[in-house]
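Before any comments, here is the structure.
The values are calculated or read from the model by the stated rules, or taken from the named source; none is laboratory data. Just so we're clear, the structure is a prediction, and the values are computed from it rather than from any experiment. No Cβ is skipped: glycine too gets one built from the backbone with ideal geometry, and neighbour counts run over all protein chains shown. To get the accessible areas, we keep the full protein, side chains included, count just its heavy atoms, and leave off ligands, DNA and RNA. Shrake-Rupley method; radii C 1.70, N 1.55, O 1.52, S 1.80 Å.
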Amino acid sequence: MRKDGRGPCDLRPLLIRTGYVNYAEGSALVELGNTRVLVNVSLTDGVPRHVSGREGWLMAEYNLLPRSTRERKERERQKLSGRTAEIQRFLGRAFRAALDLSLLPNKTVVIDADVIQADGGTRVASLLGGYAALHLAMDRMVNLGKIDEWPLTEFAAVSVGWLGGEELLLDLSQAEDEAAWADLTVVATQSGDIIEVHGAGEGHPVPKETYYRMLELGLSTVPQLVRLTHGQLKAGVS
C-alpha cells in the first residue's frame, strides 16, 4: 500500500476542468492527484520558415510557476533550463504525432502548459490537459467549418516506475519518482500504438524484462485514461 492509500497499479484521481480560460481556443485545468497544470491552446496564422505553408505546425511551451514546488523557483526569463527545454521538445513531439497538421495549412498551434502545483507527473498532466484543450479547439474549428475532417488521434499518457525488485508502480507521485530506480512516461494511442516513451534508469541499469513490463503496464492503462478524459469532456466539467 502506498502512502496515499493506492495499490501499485491504481491511478490518482483525475479531474479536467475544460474551458477554464475564456480567451483561448481551447483550455483545461488538470488535477492529477496534487499536481495541477493549466493548459491553453492558441491558433495563429503563419508557420515557421522551415514549414511549408501547405501544412501547419505545432509548438509547446512548458513552465513551472513560482511556488509550484516546495521552494520558490525563479521564472526562466532569459534562458530555459535543460529540463524545461527537454520537456518542451517531448510535449511538442507527442502532440505533433497525434495531430494531422496537413488539415491546418498555414496555421500554428501553440500549447502552453503552466504547472501551478507539482507533485509528480507534470508531463503526464500536461499531455492529458493538452489533449482535452486540443479536442475543444478542433471541435470549434469543425463546427465553424474551418476544417472538414477530424484531425486529432485519441491518446493519453501515464508514468510507470520501478523501485527495484519485481513490483511496478503506476502514476508516480513526486516522492515515488524521487525514489524510483527507473521511471517511464508512456504516451500512446487508444489502439495501443506508441507515440513516445520517455525515461530511463536513475543510477541503475534496467533489466530488459523489467523495461518491457513497464512499457506494457503503461500501454494497458492508456485506454482507461482516454475513457476518463472523454468522459469529462462529454460531461463538460467546468
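Scanning region 178-196 for residues that are closer than 21 Å to M1 by Cα, among the acidic types (D, E) and surrounded by fewer than 17 Cβ atoms within 10 Å (Cβ to Cβ) yields a single hit, E178.
Within region 138-155, one or more residues are at pLDDT 95 or above, surrounded by 13 or more Cβ atoms within 10 Å (Cβ to Cβ) and either within 22 Å of P13 (Cβ to Cβ) or within 12 Å of the chain's Cα centre (by Cα) (or both).
So which residues in region 116-128 are within 24 Å of E74 (Cα to Cα) and in a helix (DSSP H, G or I)?
T122, R123, V124, A125, S126, L127
Within region 1-38, the only residue that satisfies the criterion of being more than 16 Å from L168 (Cα to Cα), touching a helix residue (DSSP H, G or I) at 6+ places or on another chain (Cβ under 8 Å), part of a loop (DSSP other than H, G, I, E, B) and open to solvent by 50 Å² or more (accessible area, probe 1.4 Å) is E25. May I ask you to list the residues in region 220-238 that are of a type in the set (A, V, I, L, M) and either in a strand (DSSP E or B) or surrounded by fewer than 19 Cβ atoms within 10 Å (Cβ to Cβ) (or both)? Of everything in region 220-238, those that are of a type in the set (A, V, I, L, M) and either in a strand (DSSP E or B) or surrounded by fewer than 19 Cβ atoms within 10 Å (Cβ to Cβ) (or both) turn out to be L228, L233, A235, V237. Between L172, L217, L233, L228, the distinction of being in contact with a Cys (Cβ under 9 Å, 6 or more places away or on another chain) and either over 20 Å from C9 (Cα atoms) or modelled with pLDDT of 95 or more (or both) belongs to L217 only. Selection within region 51-106: residues that are in a helix (DSSP H, G or I) and farther than 17 Å from V187 by Cα. The member of this set that is most open to solvent (accessible area, probe 1.4 Å) is R83. Scanning region 190-201 for any residue that is in a helix (DSSP H, G or I), on the phi < 0 side of the Ramachandran plot and in contact (Cβ under 8 Å) with a residue 40 or more places away in the chain turns up nothing.
Among the conditions (1) under 29 Å from V142 (Cβ atoms); (2) modelled with pLDDT of 95 or more; (3) not small (G, A, S), N34 misses just one, which is (1). Among residues that are surrounded by 20 or more Cβ atoms within 10 Å (Cβ to Cβ), within 22 Å of Y23 (Cα to Cα), at pLDDT 95 or above and of a type in the set (G, A, S), G161 is not included.
Taking the stated definitions as given, is A132 modelled with pLDDT of 95 or more, closer than 16 Å to A98 by Cβ and either in contact with an Asp or Glu (Cβ under 8 Å, 6 or more places away or on another chain) or outside any helix (DSSP H, G or I) (or both)? Spelling it out, it is not the case that A132 is modelled with pLDDT of 95 or more, closer than 16 Å to A98 by Cβ and either in contact with an Asp or Glu (Cβ under 8 Å, 6 or more places away or on another chain) or outside any helix (DSSP H, G or I) (or both).
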